Amino acid sequence: PVKANQKMNEYLKEIADLCGINKHLTCHIARHTFATTVCSNNGVTIETISKLLGHRSIRTTQIYAKMSEQRILDEFSNIKL
């Protein structure tokens, strides 16, 4: 467990250095990546993502939940006319 975002950001910087990642990683970026790349792009509902992130409101989660064009196409193709 990490008690502060500042310490988590230090760990993320160390991991990025070890992995040769040349981007500034932060706790915020990690949460955003988890919400979009891992969850949303794999069909997890926004309500579930909201619970996983500990948000009280879906509105807060919607900031993270950018829909990819592929996900939109996949969901639209499921519509039966």
For the pair Val44 and Lys23, the simple spin-label estimate (label points 7 Å beyond Cα toward Cβ) gives in nm 1.7
Among Leu25, Ile63, Leu12, the residue whose Cα sits farthest towards the positive end of the charge dipole of region 7-75 (+1 at Cβ of Lys and Arg, -1 at Cβ of Asp and Glu, taken about the Cα centre) is Ile63
Restricting to Cα pairs under 8 Å and 6 or more apart, the percent relative contact order of the chain works out to 21
Listed by chain and number, the lysines with an alpha carbon less than 22 angstrom from that of Lys23, same-chain partners under 8 positions apart left out, are Lys7, Lys13, Lys66
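Tell me, what is the per residue accessible area of the chain in Å², probe radius 1.4 Å?
Numbers: 6740 Å² over 81 residues.
About 83 Å² of surface per residue is accessible.
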Simple SL model, points at 7 angstrom along Cα→Cβ for Arg71 and Lys3; separation in nm is 3.5
So the carbon and sulfur contribution to the accessible area of the chain, 1.4 Å probe, in percent, is 57
Longest principal axis of the chain (C-alpha) makes with the long axis of helix 5-19 (C-alpha) an angle, in degrees to the nearest 10, of 90
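Explain nothing, just the number: dipole magnitude of the chain about its Cα centre with +1 on each Lys and Arg Cβ and -1 on each Asp and Glu Cβ, in debye rounded to the nearest 20.
On the way: 11 positive and 7 negative charges, 64 e Å.
Here the chain has a charge dipole of around 300 debye.
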Residue span Leu81 to Leu52: 0.36 nm per residue of separation minus Cα-Cα distance leaves a gain in nm of 7.1 nm
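The values are calculated or read from the model by the stated rules, or taken from the named source; none is laboratory data. Owing to the predicted nature of the structure, the values given are computational and were not obtained by experimental measurement. Counting neighbours? That spans all protein chains shown, and the Cβs are built from the backbone with ideal geometry, glycine included. With ligands, DNA and RNA removed, areas are computed over all heavy atoms of the protein, side chains included. Shrake-Rupley method; radii C 1.70, N 1.55, O 1.52, S 1.80 Å.
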